[in-house]
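To start, the structure itself, in structure tokens.
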Amino acid sequence: MPVHPEAELKKLAGEFSFTEGPAVDSLGNIFFTDQPNNKIYQWSTHGKLSTFLSESGRSNGLYFDKNGYLIACADMDNQLWRIDTHGNHTVLIKNHQNKLLNGPNDVWVHPNGSIYFTDPLYKRPYWVRNPEMQQEGQYVYYLSEEKNKFFPVAKGFVRPNGIIGTPDGKIIYVADIGDNKIYKFKIRKNGKLSKRELFVEMGSDGMTIDEAGNIYLTGKGVTIFNPEGIKIGHIEVPEKWTANVCFGGVDMNILFITASESLYSIKMNVSGVP
């Protein structure tokens, strides 16, 4: 069991509107979003909560790249952002084929620096644009390391959501929360995906992976599957919905969980991967 036998789930902070998108920096600090309140918070390795960004573009999923930039799914204007350590952002992607994206949701950065993200449609009350589908479908997109190639690499989803890849950059997992399925793809050298394979028949919001290749799914608590797709554990979380999860801390052996109005943590027997 990946969970430490003496571990207890701890509530670290609460009274948010809806927590999402936890991501870990190179030091083990956790960054997460409160999307309805348009903020990104930091939970430090010293156990201190602070506001990192007060105008976050309604960011949802987050992930740090190899240069220390925070990549954010900023769905206020359906964009992908890159945020520096001072909170200054650059818009990496603002449309596809001259049309807005549906709403970037979750993101994973490949070890080579290329970016994969999901683009489902969740109609937001704060949108000033037409709330209907902007693209022809709800896809997974690829942005090359040089940021000069951008195109969909996986289609055929009802509503893609969580996304995570292996640390060797060879495999990527995509959650189709609209169809209660997780799919597994091989990543080709040109960034495209191949050999689509059903991993498990269970949906998920956000996802993460540990050093042993176990996959952590969210929704009702946290459910853990080994690389063969066999369920090996479950973490109960006393909230209506568990949105996302990632490893952090100095030793990368603490699992951080964003669930409804709160942030939780639990000690693990395994470590995550940066």
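The values are calculated or read from the model by the stated rules, or taken from the named source; none is laboratory data. Only a predicted model underlies this, so the values are computations on that prediction, with no experimental measurement involved. Here Cβ is always computed from backbone atoms with ideal geometry, including for glycine, and neighbour counts include all displayed protein chains.
For the reader, a short list of remarks on this structure follows.
- Matching residues, region 194-234, being of a type in the set (Gly, Ala, Ser), surrounded by 20 or more Cβ atoms within 10 Å (Cβ to Cβ) and in contact (Cβ under 8 Å) with a residue 60 or more places away in the chain: Gly206
- Residue match in region 116-124 (condition: more than 17 Å from Asp65 (Cβ to Cβ), at pLDDT 95 or above and either in contact with a Ser or Thr (Cβ under 7 Å, 6 or more places away or on another chain) or of a type in the set (Phe, Trp, Tyr) (or both)): yes
- Extreme residue, farthest from Asp176 (Cα to Cα), among residues of region 235-253 that are part of a strand (DSSP E or B) and in contact (Cβ under 8 Å) with a residue 40 or more places away in the chain: Gly248
- Residues within region 86-136 that are of a type in the set (S, T, N, Q), in contact with a strand residue (DSSP E or B) (Cβ under 9 Å, 6 or more places away or on another chain) and surrounded by fewer than 22 Cβ atoms within 10 Å (Cβ to Cβ), tallied: 5
- Residue ID - nearest to Pro22 (Cα to Cα), chosen from residues in region 235-249 that are surrounded by fewer than 20 Cβ atoms within 10 Å (Cβ to Cβ) and out of contact with any Leu (no Cβ under 9 Å at 6 or more places or on another chain): Trp241
- Here region 82-104 is the region considered, the condition is being touching a Pro at 6+ places or on another chain (Cβ under 9 Å) and in a strand (DSSP E or B), and the residue that is farthest from Phe157 (Cα to Cα) is Ile93.
- A Cβ distance below 7 Å, combined with a sequence gap of six or more or placement on separate chains, defines the contacts here; from region 143-156, residues that are part of a strand (DSSP E or B) reach residues that are among the polar types (S, T, N, Q) in the pairs Leu143/Ser114.
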